[in-house]
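As structure tokens, the structure follows; a few thoughts come after it.
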Amino acid sequence: MTMFDKLTAERRARLIAERQLDHRTRELDKTLGLLDAARQELRHLRSRGHSTPQEIEDRAAAALTVQTRALQDAEIAQQEAVMAERRLWDSINTVRDGFAVFNRSQEMIIANQAYLGVFSGYPEVQPGISYRRLLEILALDGRVLLNGANPAEWIEAMIARWQEDKIDPLVLSFARGDTARVYDRRARGGDIVSLVRDITEAERHAAELDEARRHAEAANRAKSAFLANMSHEIRTPMNGVVGMSELLCDTTLSDEQRLYAETIRSSGEALLGIINDVLDFSKIEADKLTLHPEPFDLERCIHEVLILLQAGARGRSIDLLMDYDLFLPTRFLADPGRMRQVMTNLIGNAVKFTQNGHVLIRVVGIEDKEDRHQLNITVEDTGIGIASEDIEGIFGEFAQVEDQSNRKFEGTGLGLAITRRLIELMGGQIWVESELGKGSCFGFSLTLPLAEESPTMPAEPIRLERVLVADDHLINRTILERQLAAQGLEVTLCASGPEALALLQNSSDGGFDLLITDHEMPGMDGLALTQKLRETGHTLPVLMLSSSPAVLDDHPALPELRAILQKPLLRHDLVRHLQLISNPQQQPVDAPEPRNPVAVLPAQGRTMRILCAEDNKTNRLVFSKMVSGLAIDLTFAEDGRAAVAAFKSTRPDLIFMDISMPDMDGREATRAIRQLPGGAQVPVVALTAHAMQGDKEEILAAGLDHVLTKPLKKPLLVEMITRFCPADANPVDPGLQQTG
Ligand code: ADP
């Protein structure tokens, strides 16, 4: 190697060494910098109170302990969670209801024992099994009762059910004997939660209840039938009692005998009233009572009831008044018999419990919908009233304010209960307001359809202008004033006879066209007033209102009256009399019409023939006595078979047929007669003690024409006979009989 080479090599080595030194120096500087920074950091940490490395070590150890405890806690918590889940499942498994969850692919995720129980014997039934497979097991293995459905169709229907937006509950019955209601709900993520509620017990309970209800209904039917039979059994002898006592009352009797006979008759009728109440009540209880609406006149119906009950009020100073809304129609569609029953009960009670004062029936109404009227009917009395604590139960069965020991009023305590039920049956409501010692007001509201008006005669004009009214009763005056004013009359009211006389003396007779006076007024009654009027030269016409026109004693003023009007006053009657007084050439309205057109036919020599089939001896006697004054030829048959034979031999014009007869009853006998020559046309009137709903329909269906219910009433019997008296027969002369 040349020197040059050696120098070059050395220089190269020196350069390298210098570069390395430079590098080492820079590294040393850097390390010194770091050391300095570390020292500063250490100083800084010390100044902030930080621990020494020993302390840091201690702290690290403590941190480790905490971490270990946290881990232990987490483990315990997890164990508890597992326990809770297990407990939940244990509980879900113990309930009788099935519970299962399915995922959105309709695979079972989880199910409790109750759910799985129905699939016992199928180890494949585990989480993961499809819903379809479960359905297949149920349907194809006969585990569910398909009630005749096809298994494949049932499975498809069950799958389709899960597709619906809202899955309705479904009842399934299983072959092992239980029944369940299945509720399926869609949960989050498309899961379906299925709850299968065991309703076997509930169903059994419902079936037992159903059975119990059927038994109760059967018992109720038996009770109704028993009542119907009892009613029949009681009515038959009662027919004898009431009928015979009625006949007895028509004979000449001493006062004492008359008292006895009247008592027998009224007691018999009261007993029949009770039987009717009990029968009605049992019909209502058994839901057997049906209404038969037909057109009827409401005002007239109430009026008739008032007239009927007026007899009971006689002897006490009670005024029976009616205030029928002037602008309210009178003809409605309702069951007239039942309406009359309601009115009879309410007005009857008012009369029964009132010693003096008045009983006022008010009828008001407003038009409801087309052709319907909302009616409000109240019966107000000034009687004994009802204590507030008794009011609540007053419409209950057998509710009577007095107890048995101090009863002085007759009655069953069923009347108001029946009345309430009847009104409710008609769609109405009943209420009562009352104050003990002051009086009561029973009212009911009802909506009734209007019935078309019966054809009326063209209205006669009323040519009167000024009317004087004398009545001591304020309500009566007010009602009269409104009724008269509605006819366009100018009305002057006064409260007594002397007041009326004073008014008339001050004005000339011509000032008033008419005087309407009440009969019974304190001091000077209507007749005395009329007499005084005539004595002082007044000639104006007088109309008198009386509660009992039939029993007026002879009085010199009687011929001076233009008419005596029955109280309570029917508007129609009042108007007719006003028309009559305005147009004197008219016939008086209440001139009696010939009662029976047949009676005025000329005699032609043949007597009407009547056949009566009746097995009961007393009833035959009652019947014969009731028709004894008639010019008829009466034949009796003692049973159905004898009636058929008698029909052939006597060819009657009319047959009265008892229904319940031994061997061949009235229906069979009528059917047999209808087959005979001439038998199809002969009128047959049933006589029956059965008063239950449906009896009449059944009797008419057997071919009879009419039904009369026992106890027989003479006027009805006579009416039937005169109605069917043939044209070629002599009149039966009912005039002799109409008073009974
Ligand atoms: P009853 O046949 O006893 O009259 P109801 O059911 O018709 O039966 O009446 C029940 C009871 O209500 C009566 O016994 C009576 O105590 C009371 N009552 C009914 N109406 C009136 C009335 N207008 N004034 C006072 N009490 C009455």
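Quick one: in the range 426-449, which of the residues that are free of Cβ contacts under 8 Å to residues at least 60 places away in the same chain and β-branched (V, I, T) is nearest to E380 (Cα to Cα)?
Among those residues, the one meeting the criterion is V432.
Being surrounded by fewer than 19 Cβ atoms within 10 Å (Cβ to Cβ) and either of a type in the set (F, W, Y) or under 19 Å from the mean Cα position of the chain (by Cα) (or both) is the filter here, so list the residues in the range 373-393 that pass it.
Q374, N376, E392, G393 - these are the residues of the range 373-393 that are surrounded by fewer than 19 Cβ atoms within 10 Å (Cβ to Cβ) and either of a type in the set (F, W, Y) or under 19 Å from the mean Cα position of the chain (by Cα) (or both).
Of everything in the range 660-682, what is under 39 Å from the mean Cα position of the chain (by Cα) and aliphatic (A, V, I, L, M)? Give them in sequence order.
Residue satisfying the conditions is M661 alone.
Do you know which of the residues in the range 334-371 that are of a type in the set (S, T, N, Q) and in contact with a helix residue (DSSP H, G or I) (Cβ under 6 Å, 6 or more places away or on another chain) is surrounded by the fewest Cβ atoms within 10 Å (Cβ to Cβ)?
For the range 334-371, the residue satisfying everything is T344.
Take the range 20-51 and flag every residue that is hydroxyl-bearing (S, T, Y) and in contact with a helix residue (DSSP H, G or I) (Cβ under 9 Å, 6 or more places away or on another chain).
The one that is hydroxyl-bearing (S, T, Y) and in contact with a helix residue (DSSP H, G or I) (Cβ under 9 Å, 6 or more places away or on another chain): S51.
Considering only the range 321-357, state which residues are among the aliphatic types (A, V, I, L, M) and either more than 16 Å from the ligand (Cβ to nearest atom) or out of contact with any Asp or Glu (no Cβ under 6 Å at 6 or more places or on another chain) (or both).
L321, M322, L326, L328, L333, A334, M339, V342, M343, L346, I347, V351
I'm trying to understand the selection: among the residues of the range 380-397, which are in a loop (DSSP other than H, G, I, E, B), closer than 9 Å to L436 by Cβ and among the small types (G, A, S)?
Once the filter is applied, which keeps residues that are in a loop (DSSP other than H, G, I, E, B), closer than 9 Å to L436 by Cβ and among the small types (G, A, S), the range 380-397 yields G385, A387.
Could you go through the range 669-678 and let me know if any residue there is within 30 Å of D277 (Cβ to Cβ), crowded, with 24+ Cβ neighbours inside 10 Å and touching a residue at least 40 places away in the same chain (Cβ under 8 Å).
no
With the structure loaded, tell me whether F409 is out of contact with any Phe, Trp or Tyr (no Cβ under 8 Å at 6 or more places or on another chain), within 9 Å of the ligand (Cβ to nearest atom) and modelled with pLDDT under 90 or whether it fails that test.
Judged against the criteria, F409 is not a match.
Please name all residue pairs, on different chains or six or more residues apart, with Cβ atoms under 6 Å, provided the first residue is in the range 718-735 and is on the phi > 0 side of the Ramachandran plot and the second residue is at pLDDT 85 or above and part of a loop (DSSP other than H, G, I, E, B).
D733/A631
Inside the range 108-148, can you point out the residues that are more than 51 Å from the chain's Cα centre (by Cα) and among the β-branched types (V, I, T)?
Matches in the range 108-148: I109, I110, V125, I129, I137.
Out of the residues in the range 429-451 meeting the condition of being closer than 25 Å to S282 by Cβ and surrounded by fewer than 20 Cβ atoms within 10 Å (Cβ to Cβ), tell me which one is nearest to the ligand (Cβ to nearest atom).
V432
Can you pull out every residue in the range 545-586 that is more than 44 Å from the chain's Cα centre (by Cα), under 20 Å from P461 (Cα atoms) and at pLDDT 85 or above?
R562, A563, I581
Does R620 satisfy the condition of being more than 25 Å from L279 (Cβ to Cβ), touching a residue at least 24 places away in the same chain (Cβ under 8 Å) and surrounded by fewer than 21 Cβ atoms within 10 Å (Cβ to Cβ)?
When the stated conditions are applied, R620 does not pass them.
Kindly indicate whether any position in the range 220-241 is at pLDDT below 95, farther than 30 Å from V278 by Cβ and surrounded by 12 or more Cβ atoms within 10 Å (Cβ to Cβ).
The answer is no, given that none of the residues of the range 220-241 is at pLDDT below 95, farther than 30 Å from V278 by Cβ and surrounded by 12 or more Cβ atoms within 10 Å (Cβ to Cβ).
The values are calculated or read from the model by the stated rules, or taken from the named source; none is laboratory data. Just so it is clear, the structure is predicted and the values come from calculations on it, not from any experiment. Quick reminder, even Gly has a Cβ in these numbers, built from the backbone with ideal geometry, and neighbours come from all protein chains shown.
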